[in-house]
Structures are given as structure tokens and as C-alpha cells.
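J.: Below you will find the structure I want to go over with you.
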Amino acid sequence: MKIKAAVNLYQNTDPTMELVKRFEEASAQSGHHSLPKDAIKHAKELHLDLKLGEGEPTSPTVDGKETEGRKIGTLQ
């Protein structure tokens, strides 16, 4: 759920969600828990390399190709 929520947060272009994204990134910078940090940690536990940040969230597949953020949930 955290991975999907983080991907949805980074895909959303709504200005209000941009504020939420900045808040979450500031929380991570100050060492507090944050949704993106937790999502990346959980993705690593599932052997996924989740990339959040500028642009579309992605995760490489077994064959090395990048998977779009909207398809990450179907990797399992």
C-alpha cells in the first residue's frame, strides 16, 4: 500500500498534492518518517529498485527494462 501511495503521490499533478509531496520530502530530509522513504524501503524488501522524484516513478524489472509508475503494482 505504501509503494502504491508513494507512486500515486509522485504521479499526481494537482497543486495541493505538490504541497504534500514537498512536505514528505522535507520530512525525509529532517530524518523523520516519510511516505517516499518508507515506500523505497519496502520496495527494496521486495527486491525492487523504486525511483521516486522528478518525472515518472519507475522501477526496473528482472530483464532490466524500466516499468512505468502506473504499472508497478502489477509486477508482483
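J.: Can you tell me the length gained on complete extension of the stretch Gln29 to Lys4, counting 0.36 nm per residue apart and subtracting the Cα distance?
T.: Details: separation 25, 0.36 × 25 = 9.00 nm, distance 2.13 nm.
Extra length from Gln29 to Lys4 when fully extended: 6.9 nm.
J.: Another question, then. Net charge within 12 Å of Ser27 by Cβ-Cβ distance, Lys/Arg positive one each and Asp/Glu negative one each, not counting Ser27 itself? Walk me through the numbers before you get to the answer.
T.: Working: positive: Lys21, Arg22, Lys37; negative: Glu24, Glu25, Asp38.
Once all neighbours under 12 Å are counted, the net charge is 0.
J.: Separate question: Lys44: net charge of surrounding residues, Cβ under 13 Å, Lys/Arg +1, Asp/Glu -1, itself excluded? Present the calculation step by step, with values, prior to reporting the outcome.
T.: Values: positive: Lys2, Lys37, Lys41, Lys51; negative: Asp38, Glu45, Asp49.
With Lys, Arg at +1 and Asp, Glu at -1, the net is +1.
Every number here is computed from the coordinates shown, using simple stated rules; none is lab data. Predicted model only: the values in this text are computed from it and were never measured. Don't worry about glycine lacking a Cβ; one is built from the backbone with ideal geometry, like all the others, and counts go over all protein chains shown.
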